[in-house]
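The values are calculated or read from the model by the stated rules, or taken from the named source; none is laboratory data. What you see is a predicted model, and the numbers here were worked out from it, not measured in a lab. Glycine also receives a Cβ, built like all others from the backbone with ideal geometry; neighbour counts cover every protein chain displayed. When the accessible area is computed, the model is the full protein with side chains, heavy atoms only, and any ligands, DNA or RNA have been set aside. Shrake-Rupley method; radii C 1.70, N 1.55, O 1.52, S 1.80 Å.
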Amino acid sequence: MASSETSDHSGGMPQLEFDTWAAQIFWTALALFLLYKVLSNKILPKIAGALEDRHNAIADDLDQASELKRKAEDAENAYNQALADAKANANAIVEATKADIAEKAAAENANAEAEIAARTVEGEQRIGEIKAAAADSARTVASDAASAIVAKLAPGSADNSTIASAVERALAQTGMAR
Amino acid sequence: MTLAKAESAEGGFNIDPMHQFEIKNWVPIDLGFVDLSFTNSAFFAFLAVGLTCLFLWTAMSGSSLVPSRMQSMAEGLYEFVRNMVRDACGDAGLKYFPYIFTVFLFILACNLLGMIPYSFTVTSHFAVTVFLALSVFITVTVIGFMKHGTHFFALFWPMDAPAAMRPVLAIIEVISYFVRPVSHSIRLGANMMAGHAVLKVFGGFVAALGVFGIIPIAAIVGVTALELLVAVIQAYVFTILTCVYLNDALNMH
């Protein structure tokens with residue numbers, strides 16, 4: 001019998017009382033079956049689900065992180081591109097302004113030179129006129145003086161045209177000929 | 001109980017370390033041809049199952065992405081056994097993971113429950129361990145024949161040995177194969193029984209030595225710690241051996 005309130009087998013091994021084996025095996029099998037059912041139907045799916053959820057969450061987070069990293073890289077590239085564009089633009093503006101200024105300066109130079117040339121010509125002309133006027137005055141004065149001298153020294157010995165040609169010859173010898 | 005009995009006996013030194021393993025008939029159920037009485041063993045088996053389920057259920061009921069301490073323990077147990085099965089048997093073994101996990105938890109719970117004074121250690125009985133080992137042995141053998149057919153006999157025929165040696169080795173292989181359930185069951189049962197018997201004997205010394213009983217009490221503390229370790233390790237050993245046997249049937253070395 002399984003029951004052994006009496007210690008009739010004191011010192012023996014209860015493990016070797018084979019009449020208790022059937023009951024032990026039966027109840028152990030039942031307990032094991034119960035545990036198996038509860039585990040496989042209720043608890044294992046729950047644990048597997050929790051682990052799966054965590055795995056997915058971590059994978060999602062990693063995906064999101066790499067996505068954000070990619071976006072950051074894109075933004076950096078865009079920034080670098082914009083910076084390069086702006087630099088190129090600035091250089092172009094500087095070049096254009098330089099060219100513009102050089103052109104304007106050249107034009108001003110040309111204007112100034114033209115004006116100077118014009119004024120030089122004008123001045124020379126006026127000098128020529130003044131010279132001619134001076135020569136005319138000198139001739140008139142010389143002719144008049146000669147006429148007066150001739151009239152005083154030898155009246156009627158020479159007419160005006162002879163005097164004029166003589167003055168002309170004299171003037172030619174001084175380099176003031178017309 | 002034992003102490004009282006020991007003192008009533010001559011000199012208080014005559015203790016019975018095996019008394020704790022006695023099967024007590026709580027609800028007699030006699031079917032005539034077989035006795036299936038509900039015993040203390042059955043009660044503690046169901047208690048182990050109930051506590052295991054309660055623990056895992058409580059741990060996983062508030063399941064969250066960042067696990068609580070209990071949830072970590074439940075998940076840790078799950079992953080520990082799952083990795084053990086996968087490492088030993090490969091992915092093909094994962095099909096049998098629920099049963100292996102069940103066996104592991106059952107043995108672990110029974111072993112640990114047995115550490116509580118006045119409780120009963122279900123796994124200290126060969127009836128239970130032989131049943132567990134034989135069910136593994138039979139299942140694994142059936143799986144082997146289902147998967148490999150008669151080719152499964154090649155497990156006993158060492159092809160890498162010299163031809164003349166093969167018949168001799170085959171006999172040894174067959175014997176060792178059939179010894180498996182014996183060693184598998186005795187290892188667990190004997191470990192649990194021996195540890196508890198040692199504790200009981202030391203307990204008897206405490207009663208007998210009077211004030212010097214402090215010495216065996218210190219020893220009991222040490223042995224109890226050791227027994228806790230053995231309780232866990234034996235559950236692990238039984239499970240890993242189950243995996244190894246299953247691997248032989250699934251993948252044949």
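Order B:S119, B:S41, most accessible first, counting only protein heavy atoms with a 1.4 angstrom probe. Before the final figure, lay out the partial values.
Numbers: B:S119 25, B:S41 0 Å².
Most to least solvent-accessible, the answer reads B:S119, B:S41.
Sort B:M165, B:M252, B:M159 from largest to smallest accessible area, using a 1.4 Å probe on the heavy atoms of the protein chains.
On the way: B:M165 95, B:M252 30, B:M159 125 Å².
From most exposed to least exposed: B:M159, B:M165, B:M252.
Accessible area buried by the pairing of B and A, both sides summed with a 1.4 Å probe, works out to roughly 4300 Å².
At the listed q of 0.15, 0.16, 0.22, 0.25 Å⁻¹, the Debye profile of region B:96-185, built from one uniform point per Cα, gives log10 I(q)/I(0) equal to -0.72, -0.78, -1.09, -1.23. Just so you know, the Cα atoms of chain B work out to an Rg and Dmax of 22.0, 68 Å. Taking all protein chains as present, what is the carbon and sulfur share of the accessible area of the protein assembly as shown, in % to the nearest whole number, probe 1.4 Å? So the carbon and sulfur contribution to the accessible surface is 67 percent. Only alpha carbons enter this Debye calculation for region B:26-176, each as an equal point scatterer, and the log10 of I(q)/I(0) it gives at q = 0.15 Å⁻¹ is -1.00.
Lysine pair count for region B:2-251 (Cα-Cα distance under 27 Å; residues 8 or more apart in sequence or on different chains): 4.
Counting Cβ atoms of other protein chains within 10 Å of each Cβ in A:37-43 and taking the mean gives 6.
If r is the Cβ-Cβ distance from A:K87 to A:E113 and R0 is 30 Å, what FRET efficiency results, to the nearest 0.05? Spell out each step's value before the answer.
Details: r = 39 Å, r/R0 = 1.30.
It comes out at approximately 0.15.
Sequentially through region B:34-43, phi angles give Karplus couplings (6.51, -1.76, 1.60; θ = phi - 60°) of 8, 9, 10, 4, 7, 10, 4, 4, 4, 4 Hz, Gly and Pro residues having no value and appearing as x. Scaled to the globular estimate 2.2 N^0.38 Å, the Cα spread of region B:114-156, given as radius of gyration, is 1.80. A cut-off under 13 angstrom between Cβ atoms defines the neighbours of B:A88, and their net charge, with Lys, Arg +1 and Asp, Glu -1, is -1. Kirkwood hydrodynamic radius computed over the protein assembly as shown comes to 31.6 Å, based on all pairs of distinct alpha carbons. In percent, rounded to a whole number, the relative contact order of chain B is 25, using alpha-carbon pairs under 8 Å and six or more apart.
Using a 1.4 Å probe, what is the accessible area per residue for chain B, in Å²? The partial results should precede the final answer.
Working: 12150 Å² over 253 residues.
I get 48 Å² per residue for chain B.
Taking the Kirkwood radius as Rh and the Cα radius of gyration as Rg, region A:1-140 has a ratio of Rg/Rh equal to 2.01.
Each Lys or Arg adds one and each Asp or Glu takes one away; over the other residues whose Cβ falls under 12 Å from the Cβ of A:A110, this sums to -3.
Please determine, in degrees from 0 to 90 and to the nearest 10, the orientation of helix B:126-148 with respect to the longest principal axis defined by the Cα atoms of chain B, where the helix direction is its Cα long axis. Once rounded, one gets 10 degrees. Pairing the Cα long axis of helix B:214-251 with the longest principal axis of chain B, what angle in degrees results, from 0 to 90 and rounded to the nearest 10? For helix B:214-251, the angle is close to 20 degrees.
At a Förster radius of 60 Å, what calculated FRET efficiency corresponds to the Cβ-Cβ distance of B:T224 and A:N80, to the nearest 0.05? Once rounded, the FRET efficiency stands at 0.30. Burial annotation for region B:93-111: residues with an accessible-area loss of at least 20 Å² between the isolated chain and the complete set of protein chains, computed on heavy atoms with a 1.4 Å probe, are B:P98, B:Y99, B:F101, B:T102, B:F106.
Sort B:T150, A:T162 by accessible area with a 1.4 Å probe, largest first. Show your work: numbers first, answer last.
Details: B:T150 110, A:T162 75 Å².
Result of the area sort, largest leading: B:T150, A:T162.
Centre-to-centre, using Cα atoms only, region A:137-178 and region B:100-132 are separated by 164 Å.
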